[in-house]
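One structure is given here, and the rest of the page talks about it.
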Amino acid sequence: MMSLVRRTDVIRIAGEAFKAYNSPKRDVQSGKQYSVAAKEGNKVRLVRFGDPNMENRSDNPERKKAFRSRHSCDEKKSKLTAGYWSCRNWVMLSLVPSASLLWSLLEKAHGGTYF
């Protein structure tokens with residue numbers, strides 16, 4: 001007979017499952033782009049952020065500078081606010097190279113195309 005094991009490594013807040021605290025994921029339930037189980041000290045809160053109708057263009061230094069200035073990102077310190085995660089998201093996404101860049105590097109390294 002097969003026994004069911006309950007996973008205890010999943011964090012549940014308001015019916016939504018998260019793998020870890022302070023790790024944003026794509027939001028599927030509400031009208032926002034991302035959600036995160038934010039934890040600061042003993043406080044835990046579900047934070048949803050990001051306009052679903054806007055594209056994050058953090059790879060453009062001028063847009064990134066304008067966004068950070070407009071939203072006063074240097075002043076966002078609490079992980080329990082959507083503003084903190086929006087500002088952090090602009091920093092984190094700019095560190096991830098685009099898929100087209102990765103494909104071009106692969107093609108150069110292996111001397112050919114893949115499709």
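Scanning the stretch 35-59 for residues that are surrounded by fewer than 16 Cβ atoms within 10 Å (Cβ to Cβ), without any contact (Cβ under 8 Å) to a residue 40 or more places away in the chain and out of contact with any strand residue (DSSP E or B) (no Cβ under 8 Å at 6 or more places or on another chain) gives GLY41, ASN42, LYS43, ASP51, PRO52, ASN53, MET54, GLU55, ARG57, ASP59. Note on the stretch 24-73: among residues that are modelled with pLDDT under 90 and polar (S, T, N, Q), the one that is farthest from SER86 (Cα to Cα) is GLN29. Here the stretch 25-83 is the region considered, the condition is being over 15 Å from the mean Cα position of the chain (by Cα) and of a type in the set (A, V, I, L, M), and the residue that is farthest from GLY15 (Cα to Cα) is ALA66. For the stretch 1-23, residues that are among the basic types (Lys, Arg) and at pLDDT below 85 total 2.
Residue count for the stretch 9-48 satisfying the condition of being of a type in the set (Gly, Ala, Ser) and assigned to a loop (DSSP other than H, G, I, E, B): 7. Cβ-Cβ distances below 6 Å connect the following pairs, each with a first residue in the stretch 60-77 that is farther than 13 Å from ASN89 by Cα, a second residue that is part of a loop (DSSP other than H, G, I, E, B) and basic (Lys, Arg), and a separation of six or more residues or different chains: ARG63/ARG57. I'd like the residue in the stretch 83-93 that is modelled with pLDDT of 90 or more and either in contact with a Lys or Arg (Cβ under 7 Å, 6 or more places away or on another chain) or more than 19 Å from SER58 (Cα to Cα) (or both) and, out of all such residues, is surrounded by the fewest Cβ atoms within 10 Å (Cβ to Cβ). Selected residue: GLY83.
The values are calculated or read from the model by the stated rules, or taken from the named source; none is laboratory data. For clarity, every value in this text was computed on a predicted model and none was experimentally measured. All Cβ positions, glycine included, derive from the backbone under ideal geometry; neighbour counts span all protein chains shown.
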